[in-house]
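Asks: To start, I am sharing the structure in question, which I have written as structure tokens.
The values are calculated or read from the model by the stated rules, or taken from the named source; none is laboratory data. Quantities reported herein were computed from a predicted structural model and do not represent experimental measurements. Virtual Cβ from ideal backbone geometry, glycine too; neighbours counted across all protein chains shown.
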Amino acid sequence: MIGRRMLTLTSLLAAALLIAAWRPAAALADQTSIMVSGDEAYPPYEFNDEQGLPSGFNVEVMSAAARVMGLRASIRLGPWGPVRAQLERGQIDALCGMYYSPARAEKVLFSRPHLVVSFAVFTRHGSDISSLDDARGRTIIVQQGDYADDYVSAAKLGGRVIRVDSPAKALRALVAGQGDCALVARLQGLYLARRLGLGNIAPVGPPVLPRQYCFAVKKGDERLLAALNEGLGVIRASGQYDQIYDKWFGALEEESVWEHMLGHLHWILGPAALIFLLAMAWAWSLRRKVAQRTGELRGELVARRRAEADLQQSQESLRALVDSSSDAILSLDPARHILRCNPAFLRMFGYAEAEALGKSTRILHLSHENFERLGREAYAVIGASGHWLGEVVLQTKDGRELPVELALSAIRDPDGRTTGHVAIIRDISQRRQAEQEKARLEDQLRHAQKMEAIGTLAGGIAHDFNNILGAIMGYAELSLLDAQEGKTSPEKLRNILTSSKRARDLVRQILTFSRKLTPDMRPLRPREVILHALELLRPAIPRMVEIRCRLADDLPLIAGDVTQLEQVLINLASNASDAMPDGGVLTIKAAARQLSPQEAAELALRPGLHVVIAVSDTGHGMDKQTMEQIFDPFFTTKEVGKGTGLGLATAFGVIKAHAGAITCQSEPGRGTVFTLYLPAAEPSR
């Protein structure tokens, strides 16, 4: 007894500390009073007492849960049918108790269960009904609108159903012989039988139809539902729930065996010794059954309390895990209001907890347009797959932009409906800075390598450049002699001009490769660029090479330097022609293509619309070893003096400078295909 009092005192102290320290959820800061109703004749769960005041287990649990959340529950009980209809129409906020079923969940919202209630078949003494199956085809008494009524109607047990206004009337009708059995909640039936003095009835068979008894909230009020769930968790943790439970059901669960036996001995007392012995034997058997059932109930109670303790420990472990995470974690309602946040979120965005709770996540976005766009794009995916992952830019309380990786997941109830979302936010600003620094260093490295290659080029092309200068000087000297003799020689001057252009083009090619020649980026029509390049190229292509051009009509604009792109196309077409000394087919194709994220990643491009240009030939092709070197500076398969090895390296640099990609496919004897990917220009705003 002393230990039990100490445990009760400790529970009360814990409850007082927890309630004193508890802060109501900000999501209900604007709502301090709620209208609650229930069944006026459903003892001991909910009923009006002799003074007409609401009483019962459900009433006290609802009041306690609302109180710890800072809510004042105004409770008025009435007939079950009308109050249930009032909740479904949204005329009241909640019901103290309602049995959960999928059909009912389509009309109201259910909290976590605060009790699991089993029903029982009650019969008069001497009845041949010993289970629910035996009641098939018999006359069954139920409360109208109760879950037992729903079950009997759905199960189609046959026979006749008598519907009355309350469980008390159901048991009185059974005693009066109006039906064969009554289907009511087991503990409720025992409570009423004792209170009303109905000694001629008892439950038979094992408990049936275990149902979750929950708070019921009107549709659309997820915030009140969350608050009541939270309040229920608080009173369970504090021990207040157990005190209410023991007050209403402790006596029933620990009912004295001798009270049962004396109640039944009243009916069989008589002067005959034989009858007395039979009564004692019957009482002994009854005592065993009652003791067995009492043990079962105690076992169920211990198991339930152990499960609640395990659940509480699991919740505390999960809360510790969330609080220790370096990523920001939010719990959101369906309207994207913040219900919970961990310390990492407060540190990352600079808000105090009171400033964030209950607020829309709009406060984290740079603009309302960004907030709406994320809602359209991300939440559409979540509705289909249950989760979404992407990178967005949010803002902190002081207006600083913060690049983050955002993961969103849906929270669904047992019926599959979305009741909220969990958001995990990871700061990737340092990763972005590291990527930018890496890109800068890579650019410096590439430029240094190309400058080193240019130095090597000075020796590699000295012979070609001296030949050009020798031709210029030779023709200039001849022209000077002709001028001294009064003659003119246009042919020699043309040769000087031709050699000068060769020197200019060689220098331009070197500058383009080194990417020091800034591209003149303009909106271009790809079709016109390709046709103009072919017009320049045709005179240099042997007649035995057939040129085929297949260009789509719907090519989008691209942003580029027309001179550099024409140079790339002329270079590729010229190489294709050289690969077909005995003739063949040179084909140029162009089409618009939408690159998927996977295709774009393989090419190191951004997903989206691209213009794809393919230059193919039917020449001798290349082996794998040659393919691996074709874009290296100074690598060439041509004879000495016929190429510097800069053509494809220059083409590679030009296409990269245009934010594009170039690929090559070739096999010996089967020709070669070079494919260019150029991003479509963004439309003007």
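Asks: Please enumerate the residues belonging to the stretch 204-236 that are among the small types (Gly, Ala, Ser), over 20 Å from GLU46 (Cβ atoms) and modelled with pLDDT of 90 or more.
Replies: Correct list: GLY220, ALA226, ALA227, GLY233.
Asks: Additional query: Looking only at the stretch 168-209, which residues are part of a strand (DSSP E or B), within 49 Å of the chain's Cα centre (by Cα), among the small types (Gly, Ala, Ser) and closer than 12 Å to THR123 by Cβ?
Replies: Answer for the stretch 168-209, where residues must be part of a strand (DSSP E or B), within 49 Å of the chain's Cα centre (by Cα), among the small types (Gly, Ala, Ser) and closer than 12 Å to THR123 by Cβ: ALA182, GLY205.
Asks: Conditions: (1) in a helix (DSSP H, G or I); (2) surrounded by 21 or more Cβ atoms within 10 Å (Cβ to Cβ); (3) of a type outside the set (S, T, N, Q). GLU566 meets all but one. Number of the miss?
Replies: Here GLU566 meets the rest and fails (2).
Asks: A further question on this structure: If I ask for residues that are part of a helix (DSSP H, G or I) and within 13 Å of ARG426 (Cα to Cα), which ones from the stretch 324-345 would you list?
Replies: ALA344, PHE345
Asks: Just need a number here: residues in the stretch 210-239 that are of a type in the set (S, T, N, Q) and in a helix (DSSP H, G or I).
Replies: 2
Asks: Looking only at the stretch 394-412, which residues are exposed (fewer than 13 other Cβ atoms within 10 Å of the Cβ) and either part of a strand (DSSP E or B) or not assigned by TED's automatic domain parsing to the domain that holds LEU346 (or both)?
Replies: Once the filter is applied, which keeps residues that are exposed (fewer than 13 other Cβ atoms within 10 Å of the Cβ) and either part of a strand (DSSP E or B) or not assigned by TED's automatic domain parsing to the domain that holds LEU346 (or both), the stretch 394-412 yields GLU401, ARG412.
Asks: TYR379 fails exactly one of the following numbered conditions: (1) touching a Pro at 6+ places or on another chain (Cβ under 9 Å); (2) assigned to a helix (DSSP H, G or I); (3) not hydrophobic (A, V, I, L, M, F, W, C). What is the number of that condition?
Replies: (1)
Asks: With ASP150, ASP146, ASP180 as the choices, which residue is within 23 Å of CYS96 (Cα to Cα), in contact with a Ser or Thr (Cβ under 8 Å, 6 or more places away or on another chain) and charged (D, E, K, R)?
Replies: That would be ASP150, the only listed residue that is within 23 Å of CYS96 (Cα to Cα), in contact with a Ser or Thr (Cβ under 8 Å, 6 or more places away or on another chain) and charged (D, E, K, R).
Asks: List, please: which pairs have Cβ atoms under 7 Å, are six or more places apart or on different chains, and start with a residue in the stretch 606-631 that is farther than 14 Å from ASN575 by Cα and not assigned by TED's automatic domain parsing to the domain that holds LYS656 and end with one that is assigned to a loop (DSSP other than H, G, I, E, B) and not polar (S, T, N, Q)?
Replies: Listed by first residue and then by second, the contacts come to nothing, as the list is empty.
Asks: Just to verify a result, which residue in the stretch 290-313, among those that are surrounded by 12 or more Cβ atoms within 10 Å (Cβ to Cβ) and of a type in the set (D, E, K, R), is nearest to PHE249 (Cα to Cα)?
Replies: ARG298
Asks: If I ask for residues that are more than 23 Å from LEU297 (Cβ to Cβ), surrounded by 15 or more Cβ atoms within 10 Å (Cβ to Cβ) and of a type in the set (A, V, I, L, M, F, W, C), which ones from the stretch 136-155 would you list?
Replies: The answer is ILE140, ILE141, VAL142, VAL152.
Asks: For the stretch 207-230, indicate whether the set of residues that are without any contact (Cβ under 8 Å) to a residue 60 or more places away in the chain, assigned by TED's automatic domain parsing to the domain that holds SER63 and farther than 19 Å from ASN58 by Cα is non-empty.
Replies: No, the stretch 207-230 has no match at all.
Asks: Which residue pairs have Cβ atoms under 7 Å apart, sit 6 or more places apart or on different chains, and have a first residue in the stretch 378-404 that is within 17 Å of ARG431 (Cα to Cα) and a second that is modelled with pLDDT of 90 or more and among the hydroxyl-bearing types (Ser, Thr, Tyr)?
Replies: Within 7 Å, the pairs are LEU402/THR396.
Asks: Considering each of PRO633, PRO679, PRO668 in turn, give the residue that is modelled with pLDDT under 80 and either closer than 21 Å to LEU603 by Cα or outside any strand (DSSP E or B) (or both).
Replies: Of the residues listed, the single one that is modelled with pLDDT under 80 and either closer than 21 Å to LEU603 by Cα or outside any strand (DSSP E or B) (or both) is PRO633.
Asks: Here is a follow-up. Please pick out the residue among ASP554, ASP561 that is of a type in the set (Asp, Glu), crowded, with 18+ Cβ neighbours inside 10 Å and at pLDDT 85 or above.
Replies: It is ASP561.
Asks: Just to be sure I understand the filter: pairs with C-beta atoms under 7 Å, separated by 6 or more residues or on different chains, first member in the stretch 311-335 and free of Cβ contacts under 8 Å to residues at least 60 places away in the same chain, second member part of a strand (DSSP E or B). Which pairs pass?
Replies: VAL322/ILE329
Asks: Pairs under 8 Å by beta carbon, first residue within 17 Å of LEU678 (Cβ to Cβ) in the stretch 589-604, partner among the hydrophobic types (A, V, I, L, M, F, W, C) and part of a helix (DSSP H, G or I), six or more apart or different chains?
Replies: Listed by first residue and then by second, the contacts come to ALA590/ILE530; LEU595/LEU603.
Asks: Here is a follow-up. May I ask you to verify whether GLN243 is assigned to a loop (DSSP other than H, G, I, E, B), outside the structural domain of ARG306 (by TED's automatic domain parsing) and either under 23 Å from ILE75 (Cα atoms) or not acidic (Asp, Glu) (or both)?
Replies: Judged against the criteria, GLN243 is not a match.
Asks: Scan the stretch 62-101 residue by residue and report those that are closer than 22 Å to ASP242 by Cβ and β-branched (Val, Ile, Thr).
Replies: Result: VAL68, ILE75.
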